[in-house]
Each structure stands twice: as structure tokens, then as C-alpha cells.
Amino acid sequence: MMLVETLIGPFQEFAFMRRALVGCLALALGATPVGVFLMLRRMSLTGDAMAHAILPGAAVGYLVAGLSLGAMTVGGLIAGMTVALLAGYVTRSTILREDASLAAFYLISLSLGVLIVSLRGSNIDLLHVLFGSVLALDDNALVLIASITTLTLAALALLYRPLVLECLDPAFLRSVGRAGAWAHYGFLCLAVLNLVGGFHALGTLMAVGIMVLPAATARLWATTIGGLLAVAVAIAAFSGVAGLLISYYHDLPSGPAIILTAGVVHVVSLVVGLQGGLRNRLGARQPRSP
């Protein structure tokens, strides 16, 4: 009974903990599957670049209307979509690869966003934009995150086959028509949408963590795409719940606690993971006794 009370007591007693829990579970359902496809397409660091790309738009929204959910969301979406589409256009029109063009736009966006917030805001405002506050989620923010999650799941259902083909054989997908371009740009838009949703809970610096870490960890436990999606979502949900409890009982920042929990799961999986973990590989290398 004491263990049960420890695990569910904070969520029963405090409404802000329940809202934070709902927000984390919604992000696990929506953002983490996007992270799996980022990993399969070898674009994990691209997600980090796009997360920083939303900063100047969110900063402009903050300057115009303060910590307004609508203004910062619209600003972040415009900035993120602009950077994603520009990077895609530059990649298809010049000799630069997508990672190079995104890195260039990401550095410009990050510098511009920090400069804008610093001009009119305080250090506390800058920390809020960069690191978020999942415990401060209100009903409007939850509706936004849940809406993005619903849209993401519907879009992934429609784009699932071309996304899988692009991960496994992009040349074949390009040869059969324009589905590859639509899937590529549609996927980038989904990544930006989920980063904007995660931004309100975890900030621009942490939002990509709930995408990439569970996806990378799932690769150590599953081999099929369905398995990867299921394991990644489960790890993200566990990290959200455990991170919130750790932050509550030890008076720690909730966002970093959630991402560090996912990081601990990743490190443990590196050792004991069934698909290429260190213990598994070392056991396979040991010579058999005669």
C-alpha cells in the first residue's frame, strides 16, 4: 500500500501533477513515433536542429504577447516550418546535404532567438523558453499537445508505407512517383509540430529528448518497425511518469528529470539490450567450451 501511495499519491493530490502526466503521455504517443522514423532515416540530430529552429518564432511571439500559448505556438510553427522547408529546398537545389543545411539554419535560428529574448526579457524568461515547465501546463496547453498528437497519429497512418520505403529504399520510392517528396516534407512538418508541442512542456532544448532517446533505446530491444514504435512509446511513457515522481520527491526540475530518466534507461539498455547490447555481444564472442 505504501508503494502504491508513493506512485499515485502525487497525481491524486495535485492537479498540476495530473496535467503534467497527461502532457507527458500525449508527447510519448505523438512525438516518440516521429523520433523512431528520425532514427531510421539517420536524422536524429536533425531533430535537434529543428528544435532550435523554432526558438526565434517563439521569441517573437513572447515579445508580442508575453507567455501566450497561441502567440508562441504560431511563432514557433512559422519559424520551424520555414527552416525545415528552406533546408529541404537547399538540399534539393544545391550540393549541400540536408544535415549541413539544417545545421546552418539551426545555428542562425538559435542565435537569433536567444538575442530576441535577451533584448526584452529576463534570464528567467530565457530559461522558460529554453527549458520549459511541464508542471505549469494548463488546460489550453494540454488541448494543443493532444491535438498535435491526434493529428500526428492520423498522418503517420496515412504516410506509414512511404515513410517505411524511404527508410529502407529511398531510391525506389523516388522512382515510382512523387510520393517520396510528399512523405519527406510531410514528415518534416510532423517533426516541427511535435517539437512545438514539446516546447511548451520541455522547452526548445529538451523537447527533442523525448523524441530521440526512447527511439534510440528501442533499437536495442526490437528489430521490426512495429516493435520499435511500441517499445519507444513505452519507454517515453515510463520516463515521463518516473521523471515526474523523481522531480516531485527530490525537488528537481521536472523536464531534465524526465529526459535524464530516459537517458538512464538508454544506458542500462546499452548493457543489457537483447538486440546488440554489450552483454549480448560479449556473450556471443566468448569461445565455446569443448
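The values are calculated or read from the model by the stated rules, or taken from the named source; none is laboratory data. Quantities reported herein were computed from a predicted structural model and do not represent experimental measurements. So basically every Cβ, Gly included, is an ideal-geometry build from the backbone, and we count neighbours across all protein chains shown. SASA here: full protein model, heavy atoms, side chains in, ligands and nucleic acids out. Shrake-Rupley method; radii C 1.70, N 1.55, O 1.52, S 1.80 Å.
Can you name the residue in the range 244-267 that is of a type in the set (Gly, Ala, Ser) and under 16 Å from PHE11 (Cα atoms) and is also surrounded by the fewest Cβ atoms within 10 Å (Cβ to Cβ) among such residues?
We begin by selecting, within the range 244-267, every residue of a type in the set (Gly, Ala, Ser); these are 247, 254-255, 257, 262-263.
Narrowing further to those that are under 16 Å from PHE11 (Cα atoms): 247, 254.
On the way: SER247: 23, SER254: 27.
Restricting to residues being of a type in the set (Gly, Ala, Ser) and under 16 Å from PHE11 (Cα atoms), the top hit is SER247.
Under 7 Å between Cβ atoms, at least 6 apart or on separate chains: pull out the pairs that start in the range 55-78 with a residue that is over 16 Å from TYR106 (Cα atoms) and surrounded by fewer than 23 Cβ atoms within 10 Å (Cβ to Cβ) and end on any residue that is modelled with pLDDT of 80 or more and of a type in the set (Phe, Trp, Tyr).
Going by the 7 Å Cβ cut-off, there are no qualifying pairs.
Of (1) open to solvent by less than 40 Å² (accessible area, probe 1.4 Å); (2) of a type outside the set (Gly, Ala, Ser); (3) within 18 Å of the chain's Cα centre (by Cα), MET81 satisfies all except one. Which?
Looking at each condition in turn, MET81 falls short on (1).
Quick one: how many residues across the range 192-247 are under 13 Å from the mean Cα position of the chain (by Cα) and more than 15 Å from ALA26 (Cα to Cα)?
Number of matching residues: 9.
Yes/no matrix, rows are residues, columns are (1) open to solvent by 60 Å² or more (accessible area, probe 1.4 Å); (2) under 19 Å from the mean Cα position of the chain (by Cα); (3) polar (S, T, N, Q):
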| position | (1), (2), (3) |
| --- | --- |
| GLN12 | yes, no, yes |
| ARG18 | yes, no, no |
| LEU29 | yes, yes, no |
| PRO33 | no, yes, no |
| VAL36 | no, yes, no |
| GLY113 | no, no, no |
| LEU119 | yes, no, no |
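Residues are listed down the side, and each one gets a yes or a no for (1) free of Cβ contacts under 8 Å to residues at least 60 places away in the same chain; (2) more than 24 Å from ARG161 (Cα to Cα):
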position: LEU202; (1), (2): no, yes
position: PRO214; (1), (2): no, no
position: TRP221; (1), (2): yes, no
position: ILE225; (1), (2): no, no
position: ALA237; (1), (2): no, yes
position: LEU245; (1), (2): no, yes
position: ILE259; (1), (2): yes, yes
position: GLY263; (1), (2): yes, yes
position: SER269; (1), (2): yes, yes
